[in-house]
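To start, the structure under review is shown below, and the notes come after it.
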Amino acid sequence: MKKPRIYMDHHSTTPMDPAVLQTMLPYFTEEFGNAASRSHAYGWRAEEAVEKARESLAGLIHARPKELVFTSGATESDNLALFGAVANLSERGRHIVTCMTEHPAVLDCCRRLEKSGYEVTYLPVDSTGRLSPEDVRAVLRNDTILISLMAANNEVGTLHSLSEVGKIAKEAGVLFHCDGSQAVGKVPMDVEAMGIDLLAFTAHKIYGPKGVGALYVRKRNPRVRLAPILFGGGHEGGMRSGTLNVPGIVGFGEACEIAGRVMPEESARLSSLRDRLHRRILSELKEVRLNGHPEFRLPHNLNLSFAYVEGESLMMAMEDVAVSSGSACTSATQEPSHVLKAMGVSDAMAHTSLRFGLGRFNTLEEVDYVAGRVVESVKRLREISPLYEMAREQRQGAHAGHLR
Amino acid sequence: MPVIFGELSAQVLSRCAALHRAGTLDPVDPEVSTGVAGSVAGGEFLRIQLRVRRGRIQEARFKAFGCSSSIASASLACEWAEGKTLQEAESIQEAELSAALELPPEKRHCSALAKAALHGALSASQGKHLRSG
Ligand SMILES: Cc1ncc(COP(=O)(O)O)c(C=O)c1O
């Protein structure tokens, strides 16, 4: 298959920033030490690099360095947060509150916990993908031990009101875990102001390397105690055994430094490019619908449904552009995106959705090119769509009826 | 996000680029019969139309809402059907379509759908023939 020329799928992953790569390189070769080696300078220097990175992570989310645990990615961080937190609280209760539009890294943990006797409430969202904080308050019980809510949705980019949920959690004395994978480094995140007790995030979504993530674990008000899910050498304060991925962690630290520095300028630039893409598409195509919140949305996210055109065929029609679709044609029983379903989008419209995720290295020229490709491909596929033809005939019939 | 498995074969890609036999035949024309298969909610809906004269398929056209494998399957089914008698066209198999398009197992339902739409059109045509004969 032809290699796509333009990458616009930055919710899936991001290319590494070349500056990040440069900081990592020495830690594969000369500085290869084990950060846990206490007996020589190789180890000390590796440890120093890890601690420097920990400070960079902490700075980005307004935490203290000691509150960060390095992991292999957000999936592991979510697993550690959920399984680790509930294990120490099962005497207090067995009820967990989460949301229907969470990532599988949270949902599948919840389903697993349900099998071992926990009860999970999956809260609904409105048509923009937002959960109402009052719904959280309404379902809290005496035996509720944990709320898990993502900061930003990975499909439609909708941002939840974290501060309000954090406040409700504090008032009720319930721990608040947040999957920040899509938000950290993209929009301001502040674990203090937002009342977050556990925060999962990952390097590869912010122009860092794959396979390295972190979990913020609050140490004060309250001190959160986690039971480990990996056992071994007792690294990371016993919360995550295993020799640290020093080059990855160094890259993660640098990625956080850069993200913190460029965030205001970058989010303004990307949201203006994103809006331009949206405008150009709307100016040439009818019956295109925005999935997500018009305002409370990640600056680089654009999720659109193109009526009458199935998403996979649309992606393939513009195969030099890399995007994602909420449709999936993999078996006779097809289930489109659970996120769009939770937002009340019909299966038919969910099958026509495309997700654009703009990123640091996308240019204005690329945005205009992509807009052109989308318009041309949708028009072409609508011409062969039986649904488009039926809708057109219905409109004409209605029109003719009106004239008579 | 749902995952889309497998790479597409060159056959599927070139058919989706060319869209051979895409189009509409006038349903009011007594020689034209229509078959549909799939569901919109399921993400795939195919229509195949045939123009049949004296038991032979003169023209076959499709319209498709669906993934590229189903578009390619409908296009190929139409191409194969043209020039055949109703009986000959009836013997076009799902397995032949998917083999020609090199569809992976998880895409076999796309060629099955094309076959179903074709068969729908064939029986509609036979029905017309019986009624008029
Ligand atoms: C919201 C969300 N949570 C978790 C993950 C998993 O992250 P990782 O790939 O680092 O395990 C992702 C990435 O796809 C995500 O978007």
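The values are calculated or read from the model by the stated rules, or taken from the named source; none is laboratory data. Because the structure is predicted, anything quoted here is derived from the model rather than measured. Don't worry about glycine lacking a Cβ; one is built from the backbone with ideal geometry, like all the others, and counts go over all protein chains shown. Note: accessible area is taken over every heavy atom of the protein model, side chains too, but ligands, DNA and RNA are not part of it. Shrake-Rupley method; radii C 1.70, N 1.55, O 1.52, S 1.80 Å.
Observations on the structure shown:
- Neighbourhood charge, 14 Å Cβ-Cβ cut-off, centred on A:Ile258 and excluding it, Lys, Arg +1 and Asp, Glu -1: -1
- At least 50 Å² of accessible area lost relative to the chain alone, listed for segment A:293-317 with a 1.4 Å probe: A:Glu310, A:Glu312
- Near A:Phe176, the amide H atoms lying under 5 Å from its own belong to A:Ile147, A:Asp197, A:Leu198; only residues 5 or more places off or on other chains count, and H is placed 1.01 Å from N.
- Accessible area per residue, Å², segment B:4-132 with all protein chains present, probe 1.4 Å: 42
- Stretchable slack from A:Glu30 to A:Glu48, in nm (0.36 nm times residue separation minus alpha-carbon distance): 5.0 nm
- Chains A and B, summed buried accessible surface - 1.4 Å probe, Å², nearest 100: 2800
- Taking a sphere under 15 Å around the Cβ of A:Leu175 and counting the other residues whose Cβ falls inside, with K and R at +1 and D and E at -1, yields a net charge of +3.
- Relative contact order for chain A, counting Cα pairs under 8 Å that sit 6 or more residues apart, in percent: 22
- Farthest toward the positive end of the dipole of the protein assembly as shown, out of A:His278, A:Ser56, A:Tyr207, is the Cα of A:His278, where the dipole comes from beta carbon charges about the Cα centre.
- Once backbone amide H atoms are built at 1.01 Å from N, A:His11 has A:Gly357 as its partners under 5 Å, excluding neighbours fewer than 5 places away on the same chain.
- Here the simple spin-label model places points 7 Å from the Cα toward Cβ, and for A:Ala41 and B:Asp29 these points are separated by 8.6 nm.
- Each residue of segment A:85-96 is assigned a 3J(HN,Hα), and the resulting list reads 6, 5, 4, 8, 10, 5, 6, 6, x, 9, 10, 10 Hz, derived from the Karplus form 6.51 cos²θ - 1.76 cosθ + 1.60 (θ = phi - 60°), x at Gly and Pro.
- Using the Karplus relation 6.51 cos²θ - 1.76 cosθ + 1.60 with θ = phi - 60°, the per-residue 3J(HN,Hα) values for segment A:28-33 come to 8, 10, 4, 9, 8, x Hz, with x marking Gly and Pro.
- Rolled with a 1.4 Å probe across the full set of protein chains, the surface gives B:Arg47 an accessible area near 30 Å².
- Percent carbon-and-sulfur accessible area, segment A:18-258, ignoring ligands, DNA and RNA, probe 1.4 Å: 53
- Largest-first ordering by accessible area, 1.4 Å probe, given options A:Met390, A:Met316, A:Met8: A:Met390, A:Met316, A:Met8
- Expected 222 nm ellipticity per residue - DSSP helices of 4 or more, -39500 (n - 2.57), all of the protein assembly as shown, to 500: -13500 deg cm²/dmol
- For chain A, the equivalent ellipsoid built from the Cα gyration tensor has semi-axes of 40, 27, 17 Å, listed from largest to smallest.
- Rounded to the nearest 20, the Cβ-based charge dipole of chain A about its Cα centre (Lys and Arg +1, Asp and Glu -1) stands at 300 debye.
- For A:Ser325, the residues whose modelled amide H falls within less than 5 Å of its own, excluding neighbours fewer than 5 places apart on the same chain, are A:Arg355.
- Remark: segment A:1-129 carries 49 Å² of accessible area per residue (probe radius 1.4 Å; ligands, DNA and RNA excluded).
- Given A:Lys115/A:Lys170; A:Lys379/B:Lys107; A:Lys210/A:Lys286, the pairs whose alpha carbons are separated by over 32 Å: A:Lys210/A:Lys286
- Estimated FRET transfer efficiency when R0 is 25 angstrom, pair A:Ser267-A:Asp126 (beta carbons, to 0.05): 0.55
- Max mean-square fluctuation residue, GNM over chain A, Cα-Cα springs under 10 Å, options A:Ser313, A:Ser116, A:Ser12: A:Ser116
- For chain B, the relative contact order works out to 28 percent when only alpha carbon pairs closer than 8 Å and six or more residues apart are counted.
- Net charge of Cβ neighbours under 10 Å - reference A:His351; Lys, Arg +1; Asp, Glu -1: -4
- Selection of GluC sites (Glu not before Pro), segment A:284-386, meeting DSSP coil and at most 11 other Cβ within 10 Å: A:Glu295
- Stretchable slack from A:Glu192 to A:Ala227, in nm (0.36 nm times residue separation minus alpha-carbon distance): 10.3 nm
- For segment A:174-190, 3J(HN,Hα) computed residue by residue from phi via the Karplus equation (6.51, -1.76, 1.60; θ = phi - 60°) reads 10, 5, 10, 9, 10, 8, x, 3, 8, 9, 4, x, 10, 10, x, 10, 9 Hz, glycine and proline entered as x.
- For segment A:46-176, the share of DSSP beta bridges that are antiparallel, to the nearest 5, is 10%.
- Under the convention that each Lys and Arg Cβ holds +1 and each Asp and Glu Cβ holds -1, the size of the dipole of segment B:1-104 around its Cα centre is about 300 debye.
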